[in-house]
Amino acid sequence: MAAVAMSPARAVPPEGAASTSASASASVSASASASASGSSSENPADWGPQGRVLPPSMDATNSCVTCHATLTDQKLRAPAKEFVTSVHRDDRIGCAGCHHGDPRDPTVGAHKSEGFLPHPTHAEVPGVCGSCHSDAGFMRHLNSRLPVGQAALYNLSLHGKLTAAGDENAPACADCHGKHDILGPSSPKSPVNRANVSTLCGGCHGDGKRMAKYGLRTDQASKWEKSVHGQAFKRGNPNAPTCTGCHGAHAATPPEASSVGRACGRCHEEELAYFDMGPHSKGFRKRGLAECVACHSNHDVQPASSLMVGTTPDATCMKCHSKDEKPRKIADEIAGLLRGARGRAAEARAFVARAREEGLHVAGASFALDQIATAELKLRGVVHTLDPARLEGPVAAVDKAVAEARKLVDDAAQTRRVERRGYYVSLGIACVLFASLALKSLQLDRRRRGRS
Ligand code: HEC
Ligand code: HEC
Ligand code: HEC
Ligand code: HEC
Ligand code: HEC
Ligand code: HEC
Ligand code: HEC
Ligand code: HEC
Ligand code: HEC
């Protein structure tokens, strides 16, 4: 890449900028020697992406902004207005960071310097952005926490490949981020903010006209919205995936069939681990079936239902195994184990609820119910091994928690019986006492009357 060093000789330094000019001039040679020796200079003036020498901070000398902000043509003025609140407003980036030109020339001569790029084409944009964002040495000096490598990932993606080939239907960096008003993803106003991602991606992927020539479906966003993930996102669950949760932001390619499990497994680790223990892991790979997606789908993932396992016509297993003897037998066996454990768990919930309705104070019942729920959850995960023997442990755990809950209710009922017995006994004693008192007062009364 050509170094876009500004020629201080040609620049017309504004008032008081003589020292700026001198240091910029000095930095040209400093930077040249720094890059020759491969070490980075401590002089901020030398931090240029890929050998580019950027001027030091120069509020008074960013003539691009100063002049463009005064132009009457809206198209020429707007960039200057938007830029000053964007993430690139730092003067060491400036307009020249993307367009080049000489930011110290207060005349339209600023446009004349070598490399001036007034209209980066759609295909040129990734190179423009990447010239800084792929340069770890440069980025480190301006924001050391910002990851680099977006352009490298993007170039590998289908979006990147199509853009490089001149297809303007595919997004270049600026189609997702904007150009003069770029903000960090954490800003709610950024189109790439988590809250806006499905609208951003769905804007193109739901557009039938744009997608027609690729033969792609256009229902990803509408399906996602109704899925468990979209619903959880709407409820504010910070872990629910939007489009980028599964596709990534810059390598937006569909996961290969054999790596779908890794994409889902980023969040559903346990299910993936159990899946890997079962026969499907190898079997699916052999046949190019998409791991988790074969049963749960990708965009319209629904709550896992108890109807999924079994040999009823709706059961997921029957999509592939309607005639396979061993899988059918195992599907029935697993369905039976699940049904049994869930039935007992449901009963336990019901009798705890009944006991509470009757006003019994069941100490520790909430804890026992939580334990039942945890054991059931574990059971659902282990289903992915497709191994009935492995389900026995979690089934036993459900039963243990159910027995615990039943014991707590029985104990509470027993306590109440003891309390009631105690109550009647004391009531009896009170009655006897009362009766004898009444008798005594009657006798006293009679005696008093007999005396008078
Ligand atoms: C003295 C005022 C002035 C300065 C300084 C100036 N510009 Fe301009 N710029 C203009 C005017 C006027 C136009 C439109 C006419 C033209 O293309 O010359 C323009 C055009 C442009 C365009 C092309 C817009 C289009 O639609 O053709 C870009 C991009 C641009 N300037 C960027 C810059 C950058 C970057 C700098 C600083 C390195 C800069 N300008 C400095 C006045 C200025
Ligand atoms: C982060 C990179 C970046 C920065 C920084 C940047 N621009 Fe641009 N600019 C672009 C891109 C990309 C385009 C779009 C080119 C196109 O679509 O023709 C553009 C287009 C323009 C245009 C043409 C008008 C238009 O909307 O198409 C003008 C004028 C312009 N820029 C001026 C400026 C000025 C002035 C600054 C500084 C205040 C600036 N730019 C900073 C990337 C940048
Ligand atoms: C001249 C170098 C340069 C160019 C060219 C450039 N950037 Fe940047 N960009 C930066 C620097 C430096 C930062 C960090 C600024 C900061 O944090 O203060 C940044 C920040 C960002 C951020 C915010 C990141 C965050 O998490 O805060 C985004 C998004 C971004 N740039 C996108 C782009 C896009 C898209 C383009 C091309 C249209 C582009 N950049 C061109 C240097 C550049
Ligand atoms: C298809 C849309 C899309 C395209 C194209 C795109 N980005 Fe992004 N970019 C995003 C999203 C979404 C995020 C937010 C990532 C997140 O929240 O995890 C992001 C985040 C970023 C960030 C912030 C740091 C980070 O990695 O999270 C930078 C910098 C960035 N992009 C630069 C670029 C550059 C440079 C290009 C072009 C080479 C580009 N982006 C192309 C959607 C896009
Ligand atoms: C500017 C429009 C546009 C935007 C924005 C956009 N895409 Fe795309 N995307 C396309 C086009 C066009 C293709 C290429 C279709 C093809 O060749 O099959 C594509 C391809 C894809 C593919 C690969 C499909 C395949 O056939 O293999 C995935 C996955 C994808 N995009 C996801 C996303 C995600 C996720 C986002 C948001 C972060 C996004 N896209 C934003 C236009 C867009
Ligand atoms: C839960 C993970 C997940 C989420 C969330 C997700 N996708 Fe996908 N997407 C996938 C998988 C997996 C595939 C590949 C399907 C396959 O191989 O069978 C895919 C395929 C695609 C394709 C290729 C065409 C197709 O429909 O098969 C596009 C385009 C796409 N997704 C866009 C999006 C967009 C846009 C969003 C957000 C609205 C999104 N995806 C959200 C997992 C996800
Ligand atoms: C052969 C079909 C099948 C495949 C393949 C499959 N699942 Fe499941 N999944 C099920 C069944 C059946 C259930 C339990 C339904 C029930 O509750 O009775 C389930 C339940 C789940 C649940 C909810 C239960 C829980 O543990 O929270 C998640 C999450 C899940 N699967 C994720 C995955 C992931 C991730 C993959 C890929 C690694 C995957 N599944 C592969 C059939 C499948
Ligand atoms: C970024 C994290 C993330 C990724 C990636 C992800 N999920 Fe999820 N998934 C979640 C969260 C969070 C929930 C819980 C939603 C809720 O609160 O109900 C969930 C719920 C589910 C459920 C429903 C569980 C139930 O209790 O019924 C299934 C099934 C599921 N995901 C399957 C998948 C599949 C298949 C993939 C890959 C194509 C995938 N997930 C990718 C985070 C993720
Ligand atoms: C998308 C198709 C598909 C679905 C849905 C599916 N399977 Fe499979 N299953 C396969 C494939 C492929 C194999 C591997 C067969 C082979 O290698 O010969 C397999 C193998 C098995 C095996 C091992 C058989 C053996 O001979 O050792 C069992 C058990 C099994 N599946 C049970 C189930 C159950 C239970 C369900 C429902 C929860 C289910 N499968 C859903 C495709 C599927």
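The values are calculated or read from the model by the stated rules, or taken from the named source; none is laboratory data. In this text the structure is predicted, and so the values were computed from the model without any measurement. Using ideal geometry, Cβ is built from the backbone for each residue, glycine included, and neighbour counts are taken over all protein chains shown.
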From the list 406, 448, 417, exactly one residue is surrounded by 14 or more Cβ atoms within 10 Å (Cβ to Cβ), modelled with pLDDT under 95 and part of a helix (DSSP H, G or I). Which is it? 406
Tell me which residues, restricted to the stretch 228-261, are more than 11 Å from ligand 8 (Cβ to nearest atom), of a type outside the set (A, V, I, L, M) and under 19 Å from residue 173 (Cα atoms). 250, 253
Looking at the stretch 272-319, which of the residues that are of a type in the set (Val, Ile, Thr) and over 25 Å from the mean Cα position of the chain (by Cα) is farthest from ligand 2 (Cβ to nearest atom)? 311
Of the residues in the stretch 125-145, how many are out of contact with any Pro (no Cβ under 6 Å at 6 or more places or on another chain), of a type outside the set (S, T, N, Q) and either farther than 25 Å from residue 163 by Cβ or near ligand 2 (Cβ under 8 Å from one of its atoms) (or both)? 7
Per-region count, the stretch 138-160, residues closer than 18 Å to residue 90 by Cβ and touching a helix residue (DSSP H, G or I) at 6+ places or on another chain (Cβ under 8 Å): 5
The number of residues in the stretch 195-222 that are surrounded by fewer than 16 Cβ atoms within 10 Å (Cβ to Cβ) and β-branched (Val, Ile, Thr) is 1
Under the condition of being within 7 Å of ligand 5 (Cβ to nearest atom) and hydrophobic (A, V, I, L, M, F, W, C), which residue from the stretch 156-203 is nearest to the chain's Cα centre (by Cα)? 197
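Yes or no: the stretch 226-238 includes at least one residue that is more than 16 Å from ligand 7 (Cβ to nearest atom), in contact (Cβ under 8 Å) with a residue 24 or more places away in the chain and more than 24 Å from residue 86 (Cβ to Cβ).
Yes, the stretch 226-238 has at least one match.
Conditions (1) under 18 Å from residue 294 (Cα atoms); (2) among the aliphatic types (A, V, I, L, M); (3) in contact (Cβ under 8 Å) with a residue 24 or more places away in the chain, marked per residue:
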position: 252; (1), (2), (3): no, yes, yes
position: 260; (1), (2), (3): yes, yes, yes
position: 263; (1), (2), (3): yes, yes, no
position: 275; (1), (2), (3): yes, no, yes
position: 279; (1), (2), (3): yes, no, yes
Unmet criterion (only one of (1) within 15 Å of residue 298 (Cβ to Cβ); (2) surrounded by fewer than 16 Cβ atoms within 10 Å (Cβ to Cβ); (3) more than 13 Å from ligand 8 (Cβ to nearest atom)) for residue 225: (2)
Could you please find all residues in the stretch 112-123 being within 14 Å of residue 97 (Cα to Cα) and surrounded by fewer than 17 Cβ atoms within 10 Å (Cβ to Cβ)? 114, 115, 116, 117, 118, 119
Of the residues that sit in the stretch 63-112 and are under 24 Å from residue 189 (Cβ atoms) and of a type in the set (Lys, Arg), which one is farthest from ligand 3 (Cβ to nearest atom)? 77
